[in-house]
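Here is the structure we will look at.
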Amino acid sequence: MAHVVYQVVEHDGGWAYRSDGVYSETFPDRDAALQAARRVAQEQRAPGSSEEIQFEDADGVWRTEHADGHDRPETEVRG
C-alpha cells in the first residue's frame, strides 16, 4: 500500500504543505496550512468508484488501466 506524507513548511512568505516535492497554495499561518493538510490527507484515504482510466505515458503511448477506487493510500501529516 502506498504511503503519502504531507509536510507543513514555511513557503513563499507564509505556510504550505508539500507532498513529494509539490507545494500547496500558501496559507497565512501554520495552523491554516496544518488544517488544510489534514483535510487533504483525509480526502486522499476516502474510497471512490472503480473505473477504467486512460492516460498518456512518458513515451507518448496511450494506456488503459483499471483503477480500483478502494485501493487508497495511507496518509500522514507532519509539522
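Just give me the residues in region 1-55 being among the acidic types (Asp, Glu) and either under 28 Å from His66 (Cα atoms) or open to solvent by 100 Å² or more (accessible area, probe 1.4 Å) (or both), in sequence order. Let's see the steps before the verdict.
Narrowing region 1-55 to residues among the acidic types (Asp, Glu): 10, 12, 20, 25, 29, 31, 43, 51-52.
Glu10, Asp12, Asp20, Glu25, Glu43, Glu51, Glu52 - these are the residues of region 1-55 that are among the acidic types (Asp, Glu) and either under 28 Å from His66 (Cα atoms) or open to solvent by 100 Å² or more (accessible area, probe 1.4 Å) (or both).
Looking at region 48-66, is at least one residue touching a Pro at 6+ places or on another chain (Cβ under 8 Å) and closer than 19 Å to Ala2 by Cβ?
As a first pass, look at region 48-66 and keep what is touching a Pro at 6+ places or on another chain (Cβ under 8 Å): none.
For region 48-66, residues touching a Pro at 6+ places or on another chain (Cβ under 8 Å) and closer than 19 Å to Ala2 by Cβ: absent.
Considering region 67-79 alone, what residues qualify as being over 15 Å from Ala2 (Cβ atoms) and open to solvent by 90 Å² or more (accessible area, probe 1.4 Å)? Answer for region 67-79, where residues must be over 15 Å from Ala2 (Cβ atoms) and open to solvent by 90 Å² or more (accessible area, probe 1.4 Å): just Arg78.
The values are calculated or read from the model by the stated rules, or taken from the named source; none is laboratory data. As the structure is a prediction and not an experimental result, all values here were calculated from the model. A quick note on method: Cβ atoms are made from the backbone with ideal geometry, for glycine too, and the neighbour counts reach across all protein chains shown. Ligands, DNA and RNA are stripped out before the accessible areas are found, and what is left, the full protein with its side chains, is counted by its heavy atoms. Shrake-Rupley method; radii C 1.70, N 1.55, O 1.52, S 1.80 Å.
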